[in-house]
Every structure is written in C-alpha cells, then in structure tokens.
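The values are calculated or read from the model by the stated rules, or taken from the named source; none is laboratory data. These figures come from a predicted structure and were not determined experimentally. Here the Cβ is made from the backbone with ideal geometry for all residues, glycine too, and neighbour counts use every protein chain on show.
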C-alpha cells in the first residue's frame, strides 16, 4: 500500500498524462516511500514525530513557492492548501515548542517552480499524497491512538472530501495540457518533486 500517493479507485479511465506521470515517477515514489516508514509495525511516537519534522522542513518552502507561482498563473479553479500549517499544529500537539518549530531546518534543494508546467507537476505529487494520507491516518489512529486534534490533522487533511478534491485537481491538469502545456515538462517537474523530497528525507535520516 502506497502511503504518499495513489490514484487507485478514482472514477473514470486514467488519461495518457496520468498514466505517464504514474509510470515515470514510480521509481522515485518507491525511493521516497522507503524513507517514510509510517506503515511499519514498529513505528513509535518518536519516529512519527521525526517524520513530521522532516515533512515540515519540505512542505513549508515548497508551499511558499507554489503560492508565489499560483498567484502569477491562470486561475487554478481550486484553493491551495497550507498543509505545512497542519504539520505545525500536529507537532505542537505532540509537545514541540513554537521556538523549536521555528528553528527546524528547511529544505533548500527544492524542485524548480517557475512556470505552469512546474506548478502542475509539483501539485500532482503533493495533492496525490493526500489520498495515501487517508490510509496513514487510520494506521496512526489505531497504532498510536492519535486523532485530528492530537497529531494527525496533516494526514487526515480533507478527510472524506479528499477524493473529490483529487478529481478537481486531475481535471485541472487535463485542462492545462489542453491549453498547450508541455506534458514532458509536467512529468519532469513531478519527478523533480519526488526526487527533492526523497533526498531531503534521506539527509534527515542520516
């Protein structure tokens, strides 16, 4: 079971773009999953807290870049989510002080975000991760006894509304391509996002 990204179970047939994205990011996706471990039976609260710290260090700068680019791009048709704020709330709920939260290192080797195709590729990764997040949330509830207000609001995300949001995101991706965006650049951006995240987690775990 993938914990970070999945398109399984979604209505309708996968488009050529979605199939290409899934195929060409598969190896990087597995590399990323290998350094998360949230579905491992031996997962502890301390391990989970450390994963959240790493996620915060990646999501915070990436979301800032997405917000800047989205403001200069054609309307998305859906609001961006500030998921780094959910991670921050989870860390605070799990006992981290605001000072230590502020001092957490941030990833600097980020995926490039300078055009619509790069926006699309990056969003494909981050929004797709929310589907797997629903699986992770249930595991964390069962194994660690956590709830939305006690450390898993990031993974709960939009909860039951997650599939509907993903459908909207996919429709936007298709619209971007129909409007002339280059598929190969979208795929390259998705790969760059997975790679940057995986490398950041690898650095964090050493």
When the range 23-58 is checked residue by residue, the ones that are closer than 15 Å to residue 83 by Cβ and without any contact (Cβ under 8 Å) to a residue 40 or more places away in the chain are 51
Of all residues in the range 102-119 being surrounded by 15 or more Cβ atoms within 10 Å (Cβ to Cβ) and in a helix (DSSP H, G or I), the one that is modelled with the lowest pLDDT: 116
Hey, among 39, 52, 43, 17, which residue is modelled with pLDDT of 85 or more and part of a loop (DSSP other than H, G, I, E, B)? 43
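Say we look at the range 123-147 and pick out the residues that are in a helix (DSSP H, G or I) and free of Cβ contacts under 8 Å to residues at least 60 places away in the same chain; which of these is surrounded by the fewest Cβ atoms within 10 Å (Cβ to Cβ)? Let's see the steps before the verdict.
Step one: filter the range 123-147 for residues in a helix (DSSP H, G or I), giving 123-144.
Right, trim to free of Cβ contacts under 8 Å to residues at least 60 places away in the same chain and you get 123, 127, 130, 134, 137-138, 141-142.
On the way: 123: 24, 127: 23, 130: 25, 134: 18, 137: 21, 138: 13, 141: 17, 142: 9.
The selected residue is 142.
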Give the residues of the range 83-97 that are surrounded by 15 or more Cβ atoms within 10 Å (Cβ to Cβ) and either without any contact (Cβ under 8 Å) to a residue 12 or more places away in the chain or closer than 20 Å to residue 119 by Cβ (or both), sorted by residue number. 83, 84, 85
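Just for the range 66-79: of the residues that are assigned to a helix (DSSP H, G or I) and over 14 Å from the mean Cα position of the chain (by Cα), which one is surrounded by the fewest Cβ atoms within 10 Å (Cβ to Cβ)?
So in the range 66-79, the residues assigned to a helix (DSSP H, G or I) come out as 66-71.
So of that shortlist, the ones also over 14 Å from the mean Cα position of the chain (by Cα) come out as 67-71.
Details: 67: 12, 68: 12, 69: 18, 70: 17, 71: 8.
Going through the qualifying residues, I end up with 71.
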